[in-house]
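The values are calculated or read from the model by the stated rules, or taken from the named source; none is laboratory data. All values reported here derive from a predicted model rather than from experimental measurement. Note: ideal-geometry Cβ built from the backbone for every residue, glycine included; neighbour counts use all protein chains shown. The protein model used for the area step is the full one, side chains on, heavy atoms only, and it has no ligands, DNA or RNA in it. Shrake-Rupley method; radii C 1.70, N 1.55, O 1.52, S 1.80 Å.
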Amino acid sequence: VYREPNWQWQKPYSFPALHPAFLVGEYNADPTGRKLVTGLADSYLAHAYTDDKGRWALPNEIHWATGKTRGGELNQGSGSGDVMHLFWAAWRWSGDDRYLKGLDYRVARGGPGVLSNLGENYIDVLGRQQDWGRQLLAEADKGAGGFANITAWQLTGDMKYLQQLHADGIQAKAQREYMNTEGHWWSDRVEAPSEFLQRVRLGGIALKRNQSWPGHTLSWSFAQPDGAEQVALAVHAPSREAFKVIAYNVSSTPQDATLTGWNIAPGTWRIRSGVDRDGDGVIDGTAQVREVPLEKSVGTGLRFLPKQTQVFEFTLVTPGEPVETRADLGIGRGDLRVEGERVLVTVHSLGHVATRAGHALLEDARGREVARVAIPALEAPRDLVPRTVQVALPLPVGFNRSGARVRVMQDGQGSEVTLRNNSVLLD
């Protein structure tokens, strides 16, 4: 953060610095992170002006100490695509449509493709299929490729758009293979782009340079070592309340995978699944139906049959408690220390509200409890100052530490932001 006058001008490319605020604000509804983001978005909108054509516009740069602005039309205003994550996060957290004016402004000047830096399926989420979507479909039909083809497939279900998209990707990677391997050029931007593969396979972008808001709907973990390479996957029309998975297993054996939710609403979900025999993305014949709990960081198992196209339709049927407003006990790497005949455990409170009292357990490789110790209730870190407590678990003489773990839990039925940080291997 610069305070010298010459450096106080806000630049469009300054906005990736908000990444931590996005992450903590989304993880546990941290009030500091959320206030920083929405406050900055409010202040940016307050600097809007009317351009020489009578249109609502945003400046490219702002000098916050004086309120002076500069730029705008030269770079379509509001700078790079990085800025759009600010308005998207503010809208996601508040539901206030005035934050969408920043997105509308960019689209009016550059078309809906200029928002492709947003990792979510913003066309469907915002209900813009009939204007923004149709515009991108027309571009895809003219051979635009890229994000236009993603949108065209989402609108039509026609796999030809994905075939072209992946063919272009294969060609580009083949042409750049030398630069990305033996060529070893100095730049820090050497990569094999995967954003379109992520949009299709994960229902959004999980990680890409300067894409600060995580937009992926789900992730995959396969039981077999090469399972991910054997199953073609396409996540169609993803939103927080519904999505469809189309899969084809090219191998001759079943492939098992865990689908884990990320950018989805918590609750009870219905999975309607079956075989697609004619390749139109629709279940043919009888469908199997089951209901499962699903939310951010929670998964469910799927089995992909050999040499068949299968469709899995996911729909939220009963909303649950928002994940980000829960308590959260957590332990991680560096939180366990063996001292003689005891294990010292540093336990963290990471959630939006205080934790209940609970226990830390020492378990052997078979999951049998060996020892336990009480954990007091902990405040929530609402001021961003860590809330921790250290407890000591007795370590039995001769205990086999191989495969053993320490697990923490709240007493009763207290839900948590995630259970993925509740256990750590002892070794």
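Screening Glu139 on (1) assigned to a loop (DSSP other than H, G, I, E, B); (2) surrounded by 18 or more Cβ atoms within 10 Å (Cβ to Cβ) shows it passes everything except condition (1). Taking segment 90-143 as the range and being touching a Gly at 6+ places or on another chain (Cβ under 6 Å) and among the hydrophobic types (A, V, I, L, M, F, W, C) as the test, only Ile123 passes.
For Ala237, the stated conditions do not hold, so it cannot be described as of a type in the set (A, V, I, L, M), closer than 30 Å to Thr318 by Cβ and open to solvent by 70 Å² or more (accessible area, probe 1.4 Å). Entry remark, segment 337-371: residues being crowded, with 17+ Cβ neighbours inside 10 Å and over 24 Å from Asn28 (Cα atoms) number 6 in total. Looking at Gly301, is it surrounded by fewer than 18 Cβ atoms within 10 Å (Cβ to Cβ) and not in a strand (DSSP E or B)? In short, no.
For the residues Ala65, Ala46, Ala57, the requirement of being surrounded by 13 or more Cβ atoms within 10 Å (Cβ to Cβ) and modelled with pLDDT of 85 or more singles out Ala57.
Report, by residue number, each residue of segment 137-160 that is in contact with a strand residue (DSSP E or B) (Cβ under 9 Å, 6 or more places away or on another chain) and of a type outside the set (A, V, I, L, M, F, W, C). If the condition is that a residue be in contact with a strand residue (DSSP E or B) (Cβ under 9 Å, 6 or more places away or on another chain) and of a type outside the set (A, V, I, L, M, F, W, C), then Gln154, Gly157 are the ones that fit.
So that you can scan it fast, the table gives a plain yes or no per residue for (1) over 30 Å from Thr32 (Cα atoms); (2) touching a Cys at 6+ places or on another chain (Cβ under 6 Å); (3) in contact (Cβ under 8 Å) with a residue 40 or more places away in the chain; (4) not in a strand (DSSP E or B):
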{"residue": "Ile283", "(1), (2), (3), (4)": "yes, no, no, yes"}
{"residue": "Glu291", "(1), (2), (3), (4)": "yes, no, no, no"}
{"residue": "His352", "(1), (2), (3), (4)": "no, no, yes, yes"}
{"residue": "Arg356", "(1), (2), (3), (4)": "no, no, yes, yes"}
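Out of curiosity, is Val347 assigned to a strand (DSSP E or B), farther than 30 Å from Pro381 by Cα and of a type in the set (A, V, I, L, M, F, W, C)? Spelling it out, it is not the case that Val347 is assigned to a strand (DSSP E or B), farther than 30 Å from Pro381 by Cα and of a type in the set (A, V, I, L, M, F, W, C).
Pairing each residue of segment 244-273 that is in contact (Cβ under 8 Å) with a residue 12 or more places away in the chain and more than 17 Å from Val317 (Cβ to Cβ) with any residue that is assigned to a strand (DSSP E or B) and basic (Lys, Arg), provided the two are 6+ apart or on different chains, yields C-beta distances under 7 Å for Pro254/Arg303; Asp256/Arg303; Trp262/Lys296. Within segment 178-199, restricting attention to residues that are within 29 Å of the chain's Cα centre (by Cα) and farther than 30 Å from Trp153 by Cα, the residue that is surrounded by the most Cβ atoms within 10 Å (Cβ to Cβ) is Thr181.
For (1) over 23 Å from Glu177 (Cβ atoms); (2) at pLDDT 95 or above, each residue gets a yes or a no:
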site	(1), (2)
Gln198	no, yes
Pro214	yes, no
Phe222	yes, yes
Ala228	no, yes
Ala247	yes, yes
Ser252	yes, yes
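Within segment 165-177, can one find any residue that is over 26 Å from Val245 (Cβ atoms), assigned to a loop (DSSP other than H, G, I, E, B), open to solvent by 20 Å² or more (accessible area, probe 1.4 Å) and out of contact with any Leu (no Cβ under 6 Å at 6 or more places or on another chain)? Scanning segment 165-177 turns up at least one residue that is over 26 Å from Val245 (Cβ atoms), assigned to a loop (DSSP other than H, G, I, E, B), open to solvent by 20 Å² or more (accessible area, probe 1.4 Å) and out of contact with any Leu (no Cβ under 6 Å at 6 or more places or on another chain).
When you look at Leu40, is it touching a helix residue (DSSP H, G or I) at 6+ places or on another chain (Cβ under 8 Å) and either free of Cβ contacts under 8 Å to residues at least 24 places away in the same chain or farther than 30 Å from Arg420 by Cβ (or both), yes or no?
Spelling it out, Leu40 is indeed touching a helix residue (DSSP H, G or I) at 6+ places or on another chain (Cβ under 8 Å) and either free of Cβ contacts under 8 Å to residues at least 24 places away in the same chain or farther than 30 Å from Arg420 by Cβ (or both).
Only one entry of Arg92, Arg98 meets the criterion of being under 28 Å from Ile264 (Cα atoms), assigned to a helix (DSSP H, G or I), among the basic types (Lys, Arg) and under 21 Å from the mean Cα position of the chain (by Cα), and that entry is Arg92.
Just one of the listed residues (Gln308, Gln410, Gln390) is over 30 Å from Gly274 (Cβ atoms), of a type outside the set (Asp, Glu) and open to solvent by 30 Å² or more (accessible area, probe 1.4 Å), namely Gln390.
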